[in-house]
Amino acid sequence: MKRRLFAALTCVLLCLAVLPGTASADTGPKPAVTITVVNAPAGEYYLDLLITDPEPDHDNIEVADYDPTLIAGLKSWEGEGWYPALVEGTNIPLHGDLTPGEDGTHYFGYHGLPDTFRIAVSGPDGAQATAEPFTRTVFYTHLTYDWSTNSITRATSPAGYYAFQFLSTLVPTLIIEGILLWLFGFRARRDWLVFLMVNLVTQAGLHLWIAADLVSIGDSALQYLVLLVAEVPILLVELAAYVFLLKEHSRLRRAAYAACANIASYALGYLPLHWAVEFLSR
């Protein structure tokens, strides 16, 4: 009796410890593109994203603070309908800078980040831009731009993003629910194998269902809502599986374990996703 009471209290405390607090209208990370330039020329240069629909309601930078010759180079494609987003402004604010950071990378982010763009650079030897537009498919995109070939040589892999995301929730789920399985008094090897197989199946199904949503919304409070919607059928499946496949103890205890384990893993599941997306955004 004491063991079951301890397990239930542990579950409740775990859930309460990680429930999200109230969020303001502009909290949470924003979509971002990080561009690393290789084979860059000596001297100062500017890099911007070319877009087709600037609608400059917002001035993203103070153009007067920059070299007018290099700025003019970034505008070379306006006659073709492509406009530098930072220089000309955007309908929704876009954050970034034309010059590289201390680590040699260029950062663009916030709600005005375009889905499709070309990369334009302007340096001491003239200006150039990638021929083919690039369309981002993940919330945080890392690109490598080769100045010498004027091409994108590396981009964030959606497959790798999905795999990392899957492991970031599978491993913590096994740990959290495994601890609770032990606290609920399940010791038989067969029951632990059932526990492992059920979680592999449900976690795989969960990510096949919601992976695209999580990649597109990134690290925000919406993750919690997406997980909540997905957790309901997962709870029902695991409840039925544990009640009928576990052999130790009563069906009532098996059902209580399933409910408690799913509530705890749902509550704590937001944190691994948060850390995973934060890691991928670096």
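Considering only residues that are acidic (D, E) and closer than 14 Å to V198 by Cα, which ones fall in segment 235-255?
If we filter segment 235-255 for residues that are acidic (D, E), which is where we start, we get 238, 248.
Of everything in segment 235-255, just one residue is acidic (D, E) and closer than 14 Å to V198 by Cα, namely E238.
Residues in segment 100-155 that are exposed (fewer than 13 other Cβ atoms within 10 Å of the Cβ), closer than 22 Å to A42 by Cβ and out of contact with any Pro (no Cβ under 8 Å at 6 or more places or on another chain): G101, E102, D103, G104, G126, S148, T149, T153.
Condition (residue is in a loop (DSSP other than H, G, I, E, B) and loosely packed, with under 13 Cβ neighbours inside 10 Å) applied to segment 76-83: is it met by at least one residue? The answer is yes; a qualifying residue exists.
Taking the listed residues L183, L214, the one that is within 18 Å of A256 (Cα to Cα) and either modelled with pLDDT under 95 or outside the structural domain of A264 (by TED's automatic domain parsing) (or both) is L183, with no other qualifying. For F139, the requirement of being modelled with pLDDT of 90 or more and of a type in the set (A, V, I, L, M, F, W, C) is not met. If the condition is being surrounded by fewer than 19 Cβ atoms within 10 Å (Cβ to Cβ) and of a type in the set (V, I, T), then segment 29-60 contributes T36, V38, T52. Scanning segment 174-195 for residues that are exposed (fewer than 14 other Cβ atoms within 10 Å of the Cβ) and assigned to a helix (DSSP H, G or I) yields I175, W182, R189, R190, L193. In segment 45-64, which residue that is of a type in the set (D, E) and at pLDDT below 95 is nearest to L143 (Cα to Cα)? My answer is D53. Within segment 103-116, the set of residues being over 17 Å from D146 (Cβ atoms) and outside any loop (DSSP other than H, G, I, E, B) comprises Y107, F108, G109, T116. Cβ-Cβ distances below 9 Å connect the following pairs, each with a first residue in segment 182-202 that is under 14 Å from A241 (Cβ atoms), a second residue that is among the acidic types (D, E) and part of a helix (DSSP H, G or I), and a separation of six or more residues or different chains: F195/E177; V198/E238; N199/E177; N199/E238; T202/E238.
The values are calculated or read from the model by the stated rules, or taken from the named source; none is laboratory data. All figures in this text were calculated on a predicted structure; none of them were measured in a lab. Glycine also receives a Cβ, built like all others from the backbone with ideal geometry; neighbour counts cover every protein chain displayed.
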